[in-house]
Every structure is written in structure tokens, then in C-alpha cells.
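Colleague: I am attaching a structure below and will ask some questions about it afterwards.
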Amino acid sequence: MATFGERIANFINGNDELTHEGLHGLFVTELQNIYYAGKKVADALGDQTEAATTDEVKQAFRQHQQEVRNQTSRLEQVFQILGLDVKEGSCAAIDGLDDDAQALISVTESGSLTRDAGLIIAVQKTEHHGIATYGSLVTFAKVLGYSQSVALLHQSLDEKKNTDHLLTQLAESFINDRAELETEEYDEVKRNTYRPLAVEATAGGTLGI
């Protein structure tokens, strides 16, 4: 029986068929899952764009939606290159993040900057999931020798990293500061609205007795 080191060496040299087949199967499964996730994210971005407050956030989400659609098209190219049928998998993580985003919309005030700040966080969560998945797919494709697929997947990975960076810049530039101001203004209104009535003090008690 081959040692672990020998199996690694055989795999790197392309001589470990069992491990190669196992990684290929895992690669295909993750490919199908991220294909499903990409389509789900693109659909969700339509609702998130509509729910957003500022033009800056709406425009960022529209651009990202088109970017995600392009990434989905690249996945279809990868399926074709590998001679596979285009097939959606499943992704409980993305389903959960979509539920979280919908819940956030329901609990934040329409037209508020707080909603925009929350939506940016929601979209970044999906990007972090995509970065992790595409990063793994790139690694698998390299190991498996799928050079054409590596290039396509790496392009999508770079886009996701860039989008995450741009969303962070957008949040830091004005959304978070203005959302904090919005909260302070709301608290001030509450204090003024619910301020207790002053009671004049009189000798002998409130009735002057």
C-alpha cells in the first residue's frame, strides 16, 4: 500500500486515478452549486436594487448584477469545455443569506441610509461566499490540469474581490457616517417627542395643600 507521501507524489504526477476522479467529482459538484448560487444572487440583486435608497448604491448593485450574470455565463463555458451538461446544484448558504437580506429589508425603514448600509453588508456576505468558492475551484482546476477553466474562473474570482473592495469603499465614504447621523437625528426626535411634562413645584405639595 502506498504511503501518504507517495500518493501525493502520484497525484501531482497524474498517476493517482482514484484521487483524480474524486477531485473531479467534487469540482463538478461545486461548479453546479456556484452556478445555482450565481443565478440566485443575480435575481436577489434586482430586489435589493429596488429596495436601496441612494442612487450610488442602486448603481453599484446594477453593475454588480450584470457582473454576476457574466460570471454565470463563464461557468456555462466551463461546463462546455469539460464536456458537461449545464446543471444547477444547490446552495443552502446562499439561500440563507438571501433570507437574511429579505428580513433586513423588512425591518429597516424605506428611504433610509440605514437600509443602504445593511444592504451593502448583505451583498458583501454573498461576495465572501463567492470568493471562497471560486478560490477553491481555481485551485482544483489547476491541480486537475483544466487550464482553460482556470483562466475563466480566475477572472470571476478577481471580479468578486474587486466588488467586495468597492462596496467597502462605498460604505466607508458616506453610507455608514450618514446612517449614524440618521440614527442620532431619530434619537433626538424621540427625546423631544416623549419629553415628560414639567410639573410646577408648590409649597405643601402638587395641589398646594
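Colleague: Working out 0.36 nm times the residue gap between Leu84 and Gln148, then minus their Cα-Cα distance, what length gain in nm do you get to one decimal?
Modeller: Stretched fully, the Leu84-Gln148 segment lengthens by 21.6 nm.
Colleague: For Ile121 and Lys39 in the same chain, what is the full-extension length gain: residue separation times 0.36 nm, less their Cα-Cα distance, in nm?
Modeller: 27.6 nm
Colleague: For a quick size check, give me the Cα extents of segment 86-164 along its three principal axes, largest first, whole Å.
Modeller: Sorted largest first, the three principal extents are 50, 25, 17 Å.
Colleague: For segment 24-145, report the % of Cα-Cα distances exceeding 26 Å.
Modeller: Cα-Cα pairs in segment 24-145 separated by more than 26 Å: 25 percent.
Colleague: Once you have the Cα-Cα distance between Gln169 and Ser112, take 0.36 nm times their residue separation minus that, and quote the gain in nm to one decimal.
Modeller: 18.6 nm
Readers should treat all values here as calculations from the given coordinates under stated rules, not as data from a laboratory. Keep in mind it's a predicted model, so treat the numbers as computed, not measured.
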